[in-house]
Amino acid sequence: MQRTSNTGPAAVHAPDATLEVAVAAGGLRSPRVVMIGAGQLARMTHQAAISLALDFTVVAASADDAAVRAGAPWRRADPNAYAELEAAVAGADVVTFDHERIPPEHLQQLAAGGYNLQPKPAAKLFAQDKAHQRGELARLGFPVPEFAVVADAASARAFARRHGWPLVAKPPRGGYDGRGVFVVADETELERLLGEQGTLLLEARLDLVAELAVLTARSTNGEAVVYPVVETVQVDGMCREIIVPARVSDAQRTEAQQLALAISEAIGATGVVALELFCTRAGLLVNELALRPHNSGHYTIEGCVTSQFEQHLRAVVGWPLGSTELVAPAVATVNVVGPPDGSDPRAALPHALATVRDVHVHLYGKGPRPGRKLGHVTVLAANPDEALARARRAAAVLEGRAQ
Ligand SMILES: Nc1ncnc2c1ncn2[C@@H]1O[C@H](COP(=O)(O)OP(=O)(O)OP(=O)(O)O)[C@@H](O)[C@H]1O
Ligand SMILES: [Mg+2]
């Protein structure tokens, strides 16, 4: 009998053939993960799903969504239409999310119908409703800013009398990228906003020393990990820069990581959780939570052993989690935001790559609109200041602000 050489065609094709036979016999099938939402977070999760050979599908509102443009398998649904949503997730082993904007009642209905939602609707609600989040976290004893949830002018005025102007007002649902944050200067403006929104979460405007974020991941098998603490810089309410490690004390870093682990456990989260923290002179306060991969974790793609996207997938299917160690002393990520003249960062890409040779560029394939998040860049370096300077330079070239 002739022996097959290791390097011959038969050997090359052998593993595929084995896989096909096993699938045909029903013995081997990758978990089928359906992600509701198809923006840049789903696009980068799709990249991670490819490496793990997961059966990954996104639920998109349109063929123009960032993950669909990247070739992710997809089904169309408007998450506000229950029947469409249920049809789109049919057959999933796990249903997960790239955003918050799904009616909580629909998630409860899917769960009641036997769908395996990760995170579960009760945990996801912490990211969907800021009033619920503030109230529950305060009840559980976590440090939150002083707040009031008001639905009438008299209660709003009473809060303003205690805290002074300006106030920060947030509609409980629907905000992102700072779009749900109103700095209110006086009573007239507050009453107008209340009339428009019905209910508002009110907070004093805090004097922030810095803003921090910490990612955790909790697997459905109970395992939990925490990532390094990052410093975030917001411009017009939108996250623009991420610096790792955060330039705060070791004690504050430890406190932030412990808070993140304790909160994700207390609310029964699964998958990646991003905890946003306000750093004030009086200490750390919880700003908000997201139960999904998050802008503040984009640095993990090149900066950590395990990216947040791979970690999220491993966590929601119940696989062992990966190391969260940094692979460089410092990492910085800067978002690429559509410039006012509407120009497309792709036009400046070759120049950016030539200018900052060690930059990692991620463009989301979205149409360029002024102020729209179109991508991000990450640089690894010996210290945070150097990483940030190089990442800023690359982003500036992409946005046409520098040569
Ligand atoms: N009470 C406050 N005092 C001072 N600044 C605040 C306050 N609340 C929010 N901000 C600022 O507005 C930013 C956005 O707020 P928040 O995270 O609540 O909104 P969001 O619309 O959910 O934003 P995103 O989706 O970008 O996280 C914060 O990161 C912070 O810079
Ligand atoms: Mg936020």
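Say R0 is 35 Å: what FRET efficiency, to the nearest 0.05, do residue 354 and residue 325 get from their beta-carbon distance? That gives a FRET efficiency of 0.65.
Enclosing the Cα atoms of region 283-381 in their convex hull gives a volume equal to 156 cubic angstrom per residue. Excluding ligands, DNA and RNA, the accessible surface per residue across region 91-171 is 41 Å² with a 1.4 Å probe.
Highest mean first, the peptides 102-109, 327-334 sorted by other C-beta atoms within 10 Å per residue fall in the order 327-334, 102-109. Relative to the globular-protein estimate of 2.2 N^0.38 Å, the Cα radius of gyration of region 112-152 stands at 1.45. Note on residue 179 and residue 84: the model spin-label points, each 7 Å out from Cα along the C-beta direction, lie 1.7 nm apart.
Its convex hull of Cα atoms gives region 135-187 a direction-averaged projected area, equal to a quarter of the hull surface, of 4.3 nm². Distance from the Cα centroid of region 126-140 to that of region 340-403 is 35 Å (rounded to whole angstrom).
Contact order, relative form, for region 261-316: 33 percent (alpha carbon pairs under 8 Å, 6 or more residues apart, mean separation divided by residue count). Eigen-decomposition of the gyration tensor built on the alpha-carbon atoms of the chain gives equivalent ellipsoid semi-axes of 37, 27, 21 angstrom, largest listed first. In this simple spin-label model, placing a label point 7 Å from the Cα along the Cα-to-Cβ direction at both residue 108 and residue 139 gives a separation of 1.4 nm.
When peptides 382-394, 29-41 are ranked by their average number of other Cβ atoms within 10 Å per residue, the highest-first order is 29-41, 382-394. In this entry, region 196-286 is assigned a mean projected area of 7.5 nm², taken as a quarter of its C-alpha convex hull surface.
Looking at region 273-333, the accessible area is 26 square angstrom per residue; that uses a 1.4 Å probe and ignores ligands, DNA and RNA.
For the chain, carbon and sulfur atoms together expose 51% of the accessible surface, with a 1.4 angstrom probe and every protein chain in place. Cross-link candidates for residue 170: which lysines have Cα within less than 27 Å, leaving aside residues fewer than 8 places away along the same chain? Here the lysines satisfying the reach criterion relative to residue 170 are 120, 124, 130, 373.
Only alpha carbons enter this Debye calculation for region 329-403, each as an equal point scatterer, and the log10 of I(q)/I(0) it gives at q = 0.13, 0.14, 0.25, 0.26 Å⁻¹ is -0.32, -0.37, -1.06, -1.13.
Here the spin labels are modelled as points 7 Å beyond Cα on the Cα-Cβ line, and at residue 266 and residue 383 they lie 3.7 nm apart.
Within the chain, helices built from complete DSSP H runs that reach 18 Å or longer along their own axis (Cα positions) and carry a mean Kyte-Doolittle hydropathy of 0.5 or higher are 9-24. Between residue 151 and residue 55, full extension at 0.36 nm per residue minus the direct alpha carbon distance yields a gain of 30.1 nm.
The values are calculated or read from the model by the stated rules, or taken from the named source; none is laboratory data. Everything quoted here is computed from the prediction, not taken from an experiment. Cβ atoms come from the backbone with ideal geometry, glycine included; neighbour counts cover every protein chain shown. Accessible surface areas use protein heavy atoms only, side chains included; no ligands, DNA or RNA. Shrake-Rupley method; radii C 1.70, N 1.55, O 1.52, S 1.80 Å.
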